Amino acid sequence: MIARAKRPSYHQLTAHQAREAYSKSAPILEIPSAPMFAVDDLAVPVRDGSTIRARLYQPVEPSWAEPAPALVYFHGGGFTVGSVDTHDALCRMFARDGQCIVLSVDYRLAPEFRFPTAVNDAFDALAWLHAQSGVYGIDPARIAVGGDSAGGTLATVCAVLARDAGLPLVLQMLIYPGVSAHQDSASHTRLADGYLLSGDTIQWFFNHYIRDADDREDWRFAPLDGTHGERHAAPSSVSASATDGSDRVPDFAGVAPAWIATAEYDPLSDEGDAYAHKLEAAGNRVTLARYAGMIHEFFKMGGFVLDVMRAHRDAARALRVAFGIESGD
């Protein structure tokens, strides 16, 4: 469909043009938007004194007598495109089928805001929701993080930072996450062209996001194989106990259980598999779901590819099990 439309690839566009193109194309293959009890756009404070937009989805009327679980979600888009608007239908599905409140985070994008701004925004939003849980009828002991593609990268990092900050998480839901510093795996080589996400586009995204080659080796950019970190000012405006990385690579033991989805024809599939094995080797509970025949971004194609609905059901069930809504048997 994209080939027939003769649309230029993102790496042939400016960042602004790519955002506009993605915004227009994102709804075309999406599932219908699920109705919600309430949807509110919020201004969330972050460590540099700014505020970022986040969208709160409440699928049913809140009950303060029985606080609800919550998912903090980070959209994909190579840290350069995407927004809460492009992932609106997906987040509504997670809220309805996961039976939870969803906070979709509009972290700031590159190249205007380069690494590690997206990481800092993501964790600050998570810490803010935890601190404000009582305001929104959320159970602070039943919060999950999730994201697709670049948003999956942010979710992986938030899971480590949350552990270090003492913020309990029940799940990290990682949908074809990017977790490697270098795109040299077999799947990257085999699927570099012709499967929606090309090798040239990946490098175009990263060249907008990272400041220099050294950032590729920072574990907050590459949780799978990063070799170092970098210390910055603590986000005191958000939480006195919050952290945003260190000058060392953390261990990955004791992070939230993970549900990881990979796609057969996705260049990122090998690194998603490898990250699942890394978390397992560190003693964490991991469910790896590999989806045959799928390509990158397939979670947002449920209105056209019917098999995507199975992946949606699997992800929503992983949320319900993590929240204790249903048994994992």
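Among the residues of the stretch 1-36, the ones that are part of a loop (DSSP other than H, G, I, E, B), within 26 Å of D124 (Cβ to Cβ) and within 19 Å of the chain's Cα centre (by Cα) come to 1 in all. Tell me which residues, restricted to the stretch 190-223, are assigned to a loop (DSSP other than H, G, I, E, B) and more than 15 Å from P267 (Cα to Cα). Matches in the stretch 190-223: I210, R211, D212, W219, R220, F221, A222, P223. Within the stretch 169-181, the set of residues being in a loop (DSSP other than H, G, I, E, B) and more than 14 Å from A253 (Cα to Cα) comprises V170, Y176, P177, G178, V179, S180, A181.
Among residues of the stretch 129-150 that are in a loop (DSSP other than H, G, I, E, B), those with a Cβ under 8 angstrom from a residue that is modelled with pLDDT of 95 or more and of a type in the set (D, E, K, R), sequence gap 6+ or separate chain, pair up as S133/D139; S149/E297. Considering the stretch 57-88 alone, what residues qualify as being among the hydrophobic types (A, V, I, L, M, F, W, C) and surrounded by 18 or more Cβ atoms within 10 Å (Cβ to Cβ)? Correct list: A68, A70, L71, V72, F74, F79, V81, V84. R163 meets the conditions (1) crowded, with 21+ Cβ neighbours inside 10 Å; (2) modelled with pLDDT of 95 or more; (3) farther than 28 Å from M1 by Cα in every case but one. The failed one is (1).
The C-beta contact set for the stretch 293-315 (first residue loosely packed, with under 13 Cβ neighbours inside 10 Å, second residue assigned to a strand (DSSP E or B), distance under 7 angstrom, 6+ apart or interchain) comprises G293/E264. Looking at D184, D164, just one residue is out of contact with any helix residue (DSSP H, G or I) (no Cβ under 8 Å at 6 or more places or on another chain), within 20 Å of H228 (Cα to Cα) and assigned to a loop (DSSP other than H, G, I, E, B), and that residue is D184.
Applying the condition of being assigned to a loop (DSSP other than H, G, I, E, B) and of a type in the set (D, E) to the stretch 37-69 and asking which residue is modelled with the highest pLDDT yields D48.
Selection within the stretch 262-282: residues that are assigned to a strand (DSSP E or B) and touching a helix residue (DSSP H, G or I) at 6+ places or on another chain (Cβ under 6 Å). The member of this set that is surrounded by the fewest Cβ atoms within 10 Å (Cβ to Cβ) is T262.
The values are calculated or read from the model by the stated rules, or taken from the named source; none is laboratory data. Every value quoted in this text rests on a predicted model; they were computed, and no experiment measured them. Positions of Cβ are generated from backbone atoms using ideal geometry, with glycine treated the same way; all protein chains shown enter the neighbour counts.
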